[in-house]
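Asker: Here you go, one structure.
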Amino acid sequence: MLFLLKERTSVSTKKIADVFGVSSRTIRYDLDLVEEWCAKNQATLVRSPGKGVRLESTVQRIQLEKQLRNLSPLDRILTEEERVRLILQELIASGKPMTLDHLSQRIQCSRNTVIKMMKIVRVRLEERNLELRIATGKGYQIFGNESVIRRLLFDLYAERVDWRKLAEFFTKKNQQIPSYLAQWFGDDEIDQVFSILMEAEEIFSHPMADVAFINLTIHILVAMERIRIGAEIELPNTQVSDTPELKIADWIEKKILANFGLEMGPNERETIAMHLLGAKMFRRIDELSENAVQTQDETKVWVEEIIRYFEEETGLQLMDDQQLQHSLTLHMKTAMNRFRRGRVAKNPYLLEIKNKYPFMFQMAKQSVQGLEKHLERTIGEDEIGYIALHLRAAYERNAGRGTKITALVICASGIATSEFLKMRLESLLPELTVIDTCSVQDYEIYKDRIHFVISTLDYELPGVDVIHVSPFLENAELMKIREHMIQAAKFRQISDMTAPSKSENGGKEIMLKDVLHADVVRLNVEANDWEAAIREAGILLVAQKSIEPAYIDNMITAIHDLGPYIVIMPHVAFAHARPDETVNESCMSVITLKEPVEFGSEANDPVSIVFAFAAETGTSHMKALQDLAKFLSKPENVTFLMECEDKDLALNKLLEY
Amino acid sequence: MKKIKILAVCGFGVGSSMLLKMNVDDVMQAQGIRAEVETADIMTASSVNADLIFTSKELYGQLKDKVTIPLIEILNFMDHKEIEEKCMPIIREILGQ
């Protein structure tokens, strides 16, 4: 109504609904109440069809406004649900026993209604392991775990929150605080808590997802409300000592004390820290839960745009492909941040993707044109490559071409059943290739050609999944098979990506002895730090022209970017970078250091042995790595190499495997 | 018995993850677990379907927010015992044993 008072012209219900973040239906219902009130207060609600509504009054607008301010949310007919909530809220807020009279007064309904409501209230509380106690002469009071009570209060508030509107408010500060929040906590309080958290986010560089941020704001507001009435929270089960979150919580606590004069104490601090930690988790749940898509609406829009484009071009139905939606959304969520900041995630498979799937690549490139326009940025080929991979996976899943999923039907009870089952499968799951039907004994013949076995018998086979079904294939069974197909397709995608492409290396397997020889082994090398050590190892490979000097820089950059994860075991660094044009052939070198160096690896420093390794795309180097893995898996070999003074001895030992 | 899908993750999916994969393979074999172990780089790891992921301490932090399946941090890629101790409880859980 205040809004209508300010707007002097007619407004449509749609617009009002938008402003308040509720449905038009609610507004229409509310307008009836407004009309009622107007009738009592010398005002009229003028409804003009096609234009909307407007308030007209014979008294001063100022006066109307005053009267309005006196209105409490209770001055209207409440639904049963609203009453239950209000009773819960009142009971929690008071912290002391409340009599029936008191409650009926607060809720503005008869004692009988309150008694009726109390039954529901009791059930609600029991659902949460809280107890409603009645003390004669004193009234009702809620007993239970403080954290559970807070959770309930939180939910009571959160239930009525329009998250989208709230997220808008929290992200663009200029908007008005949603009225229901203001009504519960007061503008000023919300604003202060909000600013404190904003500041905390900035000072500690601990950004939170919108939903998590709002959650924490409400949690703190709830906590403050509870502290005021003297409620104390238990120490959380999991404690978070020494985490950065605890430091942030500590800071927030001090701020709350300074701003509101509220003493929080260690338990509250731990709880806030838990929420901060939870905020991280929340972001994850957020990404998965369909109910919390608000925060990623923008990503969703673009993901849909990409899929829609791809659908049009390929004629495939992909919008129902949950897997594509999900994986692409996950990918794009982080990718969008990269795009905005102008950062690029290098794609190690780029060349391969472009060669193998030029069509997909082109498609991916075109599908993001709208996004590029929107961001006013060009999206690099590396990024396009990732999108192409997702599309390619979906294409294979849906077109049933490429990675064809094959199954074998096994049946012990006779050819008839298995043939029947095969026919059913072929008509119901055309994308699945049933290569044959056979008995258990003949399974061996097919085992290398199938992804899984479908059988009417419940037994296990070595090395393969057996899906147990009835001959008539019920829906649940079909779903089960589909799940297996999706799994198999997805996994195949990755194997294909890393599988050796015969054209590139003639399918030749490289053994450790093919790459390690006297020229690429050096003992007792002097190096001042880890970078120097990597350079010393890398230069041996440059000398034999196996890599370009830039590859050495790439190995070093990788550690700067990703951390010293290449220190794969105590004393051993396995330096390598992405296979790209700076690699001429798969190769490896090894040096031992005169003085060990620190790589910054907490678990495995100091390092005395540095391998430099470069791979061509594909898995031709697998065998060499396998040999090396065998060598390194024996600690005594590592010790031997570290202490070895003779190059030939060292080389012999390395090649023993 | 269900076949477990395992992903070994490193920066590029070609070097250290391959070494890790081999050791995981060995452990799985020794434990009699049917497992398919693949390698992946850190960028694509989160979109691959698997039952659990192995990675290094350094990459653990970068991955943990992106995946919902169990993530195991391995300090010594060559240490069969470490691999075994860290993953077997999780694998047993996945297999419902």
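Asker: Could you please find all residues in the range A:83-99 being open to solvent by 30 Å² or more (accessible area, probe 1.4 Å) and over 18 Å from A:F154 (Cβ atoms)?
Answerer: Of everything in the range A:83-99, those that are open to solvent by 30 Å² or more (accessible area, probe 1.4 Å) and over 18 Å from A:F154 (Cβ atoms) turn out to be A:R83, A:K96, A:P97, A:T99.
Asker: Go through the range A:334-347 and give me each residue that's open to solvent by less than 70 Å² (accessible area, probe 1.4 Å) and either modelled with pLDDT under 75 or not assigned by TED's automatic domain parsing to the domain that holds A:L389 (or both).
Answerer: First, the residues of the range A:334-347 that are open to solvent by less than 70 Å² (accessible area, probe 1.4 Å): A:334-339, A:342, A:345, A:347.
Within the range A:334-347, A:T334, A:N337, A:R338, A:G342, A:A345 qualify.
Asker: Looking at the range A:317-394, what helices (runs of 4 or more DSSP H) fall wholly within it and have at least 1 residues that are closer than 18 Å to A:E305 by Cβ? Working first, answer last.
Answerer: Details: elements: A:322-340, A:350-356, A:358-367, A:369-375.
Hits in the range A:317-394: A:322-340, A:358-367, A:369-375.
Asker: So, one more: Mind listing whichever residues of the range A:124-143 are open to solvent by 100 Å² or more (accessible area, probe 1.4 Å) and under 20 Å from A:H102 (Cα atoms)? Outline the logic, then answer.
Answerer: Kept after step one, since they are open to solvent by 100 Å² or more (accessible area, probe 1.4 Å), are these residues of the range A:124-143: A:126-127, A:129, A:133-134, A:136, A:138.
The answer is A:R133, A:I134, A:T136, A:K138.
Asker: Also, quick follow-up: So, in the range A:281-323, of the ones that are at pLDDT below 65 and of a type in the set (D, E), which residue ends up farthest from B:V67 (Cα to Cα)?
Answerer: Residue satisfying both the conditions and the ranking: A:E290.
Asker: To continue, here is another question. Of everything in the range B:7-37 that's part of a strand (DSSP E or B) and crowded, with 24+ Cβ neighbours inside 10 Å, which residue is farthest from the other protein chains (Cβ to nearest Cβ)? So that I can check it myself, show each step before the final result.
Answerer: Our first condition is that a residue be part of a strand (DSSP E or B); within the range B:7-37, this holds for B:7-10, B:35-37.
From the residues that got through so far, the ones that are crowded, with 24+ Cβ neighbours inside 10 Å too are B:7-10.
Details: B:L7: 8, B:A8: 11, B:V9: 10, B:C10: 7 Å.
Only one residue tops the list, namely B:A8.
Asker: Among the residues of the range A:348-380, which ones are of a type outside the set (V, I, T), within 14 Å of another protein chain (Cβ to nearest Cβ) and open to solvent by less than 90 Å² (accessible area, probe 1.4 Å)?
Answerer: Here is the first cut: in the range A:348-380, the ones of a type outside the set (V, I, T) are A:348-352, A:354-367, A:369-377, A:380.
Still in the list and also within 14 Å of another protein chain (Cβ to nearest Cβ): A:348-352, A:380.
The answer is A:P348, A:Y349, A:L350, A:E352, A:G380.
Asker: Moving on to the next point. Could you please find all residues in the range A:461-484 being within 12 Å of another protein chain (Cβ to nearest Cβ) and within 22 Å of A:I445 (Cβ to Cβ)? Lay out the reasoning, then the answer.
Answerer: Of the range A:461-484, the ones within 12 Å of another protein chain (Cβ to nearest Cβ) are A:461-467, A:483-484.
Result: A:L461, A:P462, A:G463, A:V464, A:D465, A:V466, A:I467, A:H484.
Asker: Quick check on my filter: what residues within the range A:557-568 are open to solvent by less than 10 Å² (accessible area, probe 1.4 Å) and either more than 9 Å from every other protein chain (Cβ to nearest Cβ) or not in a helix (DSSP H, G or I) (or both)?
Answerer: Matches in the range A:557-568: A:Y565, A:I566, A:V567, A:I568.
Asker: While we're here: So for the range B:46-66 (the condition being open to solvent by 10 Å² or more (accessible area, probe 1.4 Å), assigned to a loop (DSSP other than H, G, I, E, B), free of Cβ contacts under 8 Å to residues at least 24 places away in the same chain and touching a helix residue (DSSP H, G or I) at 6+ places or on another chain (Cβ under 7 Å)), does at least one residue qualify?
Answerer: The answer is yes, given that some residue of the range B:46-66 is open to solvent by 10 Å² or more (accessible area, probe 1.4 Å), assigned to a loop (DSSP other than H, G, I, E, B), free of Cβ contacts under 8 Å to residues at least 24 places away in the same chain and touching a helix residue (DSSP H, G or I) at 6+ places or on another chain (Cβ under 7 Å).
Asker: Where residues in the range A:619-630 are closer than 14 Å to B:G15 by Cα and at the interface with another protein chain (Cβ under 9 Å from one of its Cβ atoms), which of them is modelled with the lowest pLDDT?
Answerer: Step one: of the range A:619-630, the residues closer than 14 Å to B:G15 by Cα are A:619-629.
Then keep just the ones that are at the interface with another protein chain (Cβ under 9 Å from one of its Cβ atoms); that gives A:619, A:621-622, A:625-626, A:628-629.
Values: A:T619: 67, A:H621: 79, A:M622: 78, A:L625: 85, A:Q626: 82, A:L628: 88, A:A629: 85.
Looking at the filtered set, the residue picked out is A:T619.
Asker: Still on this model: Can you work out which of the residues in the range A:578-602 that are part of a strand (DSSP E or B) and surrounded by fewer than 19 Cβ atoms within 10 Å (Cβ to Cβ) is nearest to the other protein chains (Cβ to nearest Cβ)? So that I can check it myself, show each step before the final result.
Answerer: Going residue by residue through the range A:578-602, those that are part of a strand (DSSP E or B) are A:583, A:587-597.
Subsequent filtering for residues that are surrounded by fewer than 19 Cβ atoms within 10 Å (Cβ to Cβ) retains A:594-596.
Working: A:K594: 23, A:E595: 22, A:P596: 17 Å.
Only one residue tops the list, namely A:P596.
Asker: Something else now. Quick one: is A:K647 more than 39 Å from the chain's Cα centre (by Cα) and not aromatic (F, W, Y)?
Answerer: Values: more than 39 Å from the chain's Cα centre (by Cα): yes; not aromatic (F, W, Y): yes.
Yes, satisfied.
Asker: Still on this structure, please answer the following. Identify the single condition in (1) farther than 24 Å from A:A573 by Cβ; (2) open to solvent by 40 Å² or more (accessible area, probe 1.4 Å); (3) part of a helix (DSSP H, G or I) that B:M88 does not satisfy, given that it satisfies every other one.
Answerer: In the conditions (1) farther than 24 Å from A:A573 by Cβ; (2) open to solvent by 40 Å² or more (accessible area, probe 1.4 Å); (3) part of a helix (DSSP H, G or I), B:M88 misses (2) alone.
Asker: Then there is this: Residues to consider are A:E504, A:E526, A:E531, A:E474; find the one that is among the charged types (D, E, K, R) and at pLDDT below 55.
Answerer: Numbers: A:E526 fails: at pLDDT below 55; A:E531 fails: at pLDDT below 55; A:E474 fails: at pLDDT below 55.
Residue meeting the stated conditions: A:E504.
Asker: Residue by residue through the range A:550-586, note down the ones that are at pLDDT 90 or above and charged (D, E, K, R).
Answerer: Once the filter is applied, which keeps residues that are at pLDDT 90 or above and charged (D, E, K, R), the range A:550-586 yields only A:D553.
Asker: Ok, one more. Considering only residues that are crowded, with 16+ Cβ neighbours inside 10 Å and more than 9 Å from every other protein chain (Cβ to nearest Cβ), look in the range A:632-641 and name the one that is farthest from the chain's Cα centre (by Cα). Walk me through it before giving the result.
Answerer: Keep residues of the range A:632-641 that are crowded, with 16+ Cβ neighbours inside 10 Å, which gives A:632-633, A:637-638, A:641.
Narrowing the set further to residues that are more than 9 Å from every other protein chain (Cβ to nearest Cβ) leaves A:637, A:641.
On the way: A:N637: 42, A:L641: 44 Å.
Going through the qualifying residues, I end up with A:L641.
Asker: Inside the range A:431-456, can you point out the residues that are over 39 Å from the mean Cα position of the chain (by Cα) and surrounded by 14 or more Cβ atoms within 10 Å (Cβ to Cβ)? Talk me through it step by step, then tell me what you get.
Answerer: Going through the range A:431-456, the residues over 39 Å from the mean Cα position of the chain (by Cα) turn out to be A:436-446.
Scanning the range A:431-456 gives A:D436, A:T437, A:C438, A:V440, A:Y443, A:Y446.
The values are calculated or read from the model by the stated rules, or taken from the named source; none is laboratory data. What you are looking at is a predicted structure, and each value in this text was computed from that prediction instead of being measured. Counting neighbours? That spans all protein chains shown, and the Cβs are built from the backbone with ideal geometry, glycine included. Protein only, heavy atoms only, side chains kept; ligands, DNA and RNA dropped before computing areas. Shrake-Rupley method; radii C 1.70, N 1.55, O 1.52, S 1.80 Å.
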